[in-house]
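To start, the structure under review is shown below, and the notes come after it.
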Amino acid sequence: MQNIILIQDNLKNLVGWRNNTLPNFNLDADNIKSESGLYYNDANTLVTLENIKDTTKPTEKSELEFNEMLKTFSKSVINSVVLDIFSTKNGCLINLPSTLSSKEITQDKKAGQKIGFVLETPTTQGMNLNQVSFLSENAETFELKLYKEYSQVAVKSWDVTLQPNEKLDLFLNHYISGRHYLIVEEDSLDSTILELENSFVSSAFGGAEFVAGDHIENLTASQSKLFTVSYSIYNDYTNFIIQNKIFFANAVQLAMTKKILEAIITTTRSNLVQRQNVDIVSIAYEMLNGTEENKESINVNYKRAIDEINRTLFDKRKIYKTTIG
């Protein structure tokens, strides 16, 4: 599973549009920016701003409407590339241990301590926090908080109220990737603190100041205070794609070419044909699909670009172990 919105946001300026082909229209900075040096309207003679304007409704658009439409097109082709790369790949649920536990210890409080789990995945995996379970001999009311690394503002928090000797299952269903901290504020607990298996204890919350706690083994459900986290691990290439986005530029450019040629082929708008004064639909079809004499085509080149990304970035990649500790 990939976060396509995050990928689109980070790849939106990978390929740009040249701004000198449509009279009386100026493209905004986002549309003309090209981080790769590639431009959509350099890829094919039919991929022009004029043809886009003539094949989309309404043909009379404001400058703002036209700019927003081009941005929507860019998001669409980025989505197509990602889907085509992963169309033959497993949706990627990984079979890993799925529960972490904690135990109660007697210890003097230290002001400002925070107790919880360090949850970390590599760049090619993500984690869904399914639920947490609490059990205590005492009544407790506190907040469970989730922080992203280097942030002092919780990305998510949950109110927790425990009754004596009653197990509470709190369903989180929250997806994360990278390093996060799932914590309980020690000051909000009544009498004791939790020292967690694979946990951190820190008096300075922020940055890399977390110190791993002692690993505790042989945990049992009979202990007086219990805190468990249930999770699932998935392959998630979102951050990996963003970090290696330059490898996607050619495929994104060709995906836009495919999109525009397909629009020309299916258009019923006579103004496009009249302006070109040629059988533009037939030309677009041959460019997209090739001919008996010439098998080279945009579709063939696009498939090659997708295959090249797979060979370069994804084939035979090692799956790195997710760490929680």
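Every number here is computed from the coordinates shown, using simple stated rules; none is lab data. Keep in mind the model is a prediction, meaning the values are calculated, not measured. Ideal geometry is used to build each Cβ from the backbone, glycine not excepted, and the neighbour counts take in all protein chains shown.
Ordering Asp54, Asp9 by the number of other Cβ atoms within 10 Å of each residue's own Cβ, fewest first, gives Asp9, Asp54. Per-residue Cβ neighbour counts within 10 Å put Asp159, Asp28 in the sequence Asp159, Asp28, beginning with the fewest.
Peptides 60-73, 298-311 ranked from most to least packed by the mean count of surrounding Cβ atoms within 10 Å: 298-311, 60-73.
Under the 0.36 nm per residue contour assumption, what length would be gained going from the current alpha-carbon distance of Lys75 and Gln131 to full extension? Mind showing how you got there, number by number?
On the way: separation 56, 0.36 × 56 = 20.16 nm, distance 3.34 nm.
Extending this stretch completely gives an extra 16.8 nm.
Couplings 3J(HN,Hα) for segment 160-168, derived from phi with the Karplus relation 6.51 cos²θ - 1.76 cosθ + 1.60 (θ = phi - 60°), are 10, 10, 10, 9, x, 6, 10, 6, 10 Hz, where x marks Gly and Pro.
For the pair Glu65 and Asp42, label points projected 7 Å from Cα toward Cβ lie 3.1 nm apart. Extending 7 Å from the Cα toward the beta-carbon at both Asp279 and Ala139 defines two label points whose distance is 8.5 nm.
Structure shown: which of Lys61/Lys245; Lys33/Lys295; Lys61/Lys258; Lys145/Lys245; Lys71/Lys295; Lys33/Lys156 lie over 30 Å apart, alpha-carbon to alpha-carbon?
Lys61/Lys245; Lys33/Lys295; Lys145/Lys245; Lys71/Lys295; Lys33/Lys156
Highest mean first, the peptides 230-237, 30-37 sorted by other C-beta atoms within 10 Å per residue fall in the order 230-237, 30-37. A full extension of the chain between Glu262 and Leu168 corresponds to an added length of 28.3 nm, given 0.36 nm per residue minus the alpha carbon distance. Placing a label point 7 Å from the Cα of Phe25 along the Cα-to-Cβ direction, no residue of segment 239-259 has a backbone N closer than 15 Å. Between Ile242 and Glu293, the contour length at 0.36 nm per residue exceeds the Cα-Cα span by 14.4 nm.
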